[in-house]
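To keep things clear, I will list the structure first and then write my remarks on it.
The values are calculated or read from the model by the stated rules, or taken from the named source; none is laboratory data. All figures in this text were calculated on a predicted structure; none of them were measured in a lab. Here the Cβ positions follow ideal geometry from the backbone for every residue, glycine too, while neighbour counts run over all protein chains shown.
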Amino acid sequence: MFVFMTLHYPSAEAVEALADGMAQMRGWMESQPGCLGVDPPLLTEDGTCLVGYSRWESKEALLATGIDLDTLTETPSGELRQRQRYFLTSSRNASA
């Protein structure tokens with residue numbers, strides 16, 4: 001299993017729009033071969049970070065979608081800082 005997580009730091013005015021965009025991305029990701037599931041955008045308790053979290057059969061399945069795992073070097077519009085991306089490859093059974 002391959003886990004892909006992105007941390008977004010939206011301005012207070014952009015939280016709702018970013019969450020809506022992440023929900024659309026969730027629908028697209030879930031339709032892709034090899035996607036095991038995508039959590040709804042998760043908002044941290046303090047409201048400063050939106051977390052995107054998806055699970056895949058493999059890193060190759062995620063990369064086949066065209067998503068780039070490289071670190072972003074610029075701050076997207078409506079966000080206060082660069083997004084952070086994390087990924088983990090696990091040999092554990094995805095249904096465990």
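The table that follows gives values for the structure above.
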| read-out | value |
| --- | --- |
| Set G21, G27: member being surrounded by 15 or more Cβ atoms within 10 Å (Cβ to Cβ) and not in a loop (DSSP other than H, G, I, E, B) | G21 |
| Yes/no for L72 being closer than 14 Å to R85 by Cα and touching a strand residue (DSSP E or B) at 6+ places or on another chain (Cβ under 6 Å) | no |
| G34 farther than 19 Å from L18 by Cβ and of a type in the set (G, A, S) | yes |
| Enumeration of residues in the range 1-18 that are more than 19 Å from R85 (Cβ to Cβ), surrounded by fewer than 17 Cβ atoms within 10 Å (Cβ to Cβ) and hydrophobic (A, V, I, L, M, F, W, C) | A12, A17 |
| Condition broken by G37, with the remaining ones in (1) over 12 Å from T6 (Cβ atoms); (2) exposed (fewer than 14 other Cβ atoms within 10 Å of the Cβ); (3) over 12 Å from the mean Cα position of the chain (by Cα) satisfied | (3) |
| Subset of the range 68-89 [under 13 Å from the mean Cα position of the chain (by Cα) and at pLDDT 90 or above] | R83, Q84, R85, Y86, F87, L88 |
| Sole exception among (1) part of a strand (DSSP E or B); (2) surrounded by fewer than 16 Cβ atoms within 10 Å (Cβ to Cβ) for V51, by number | (2) |
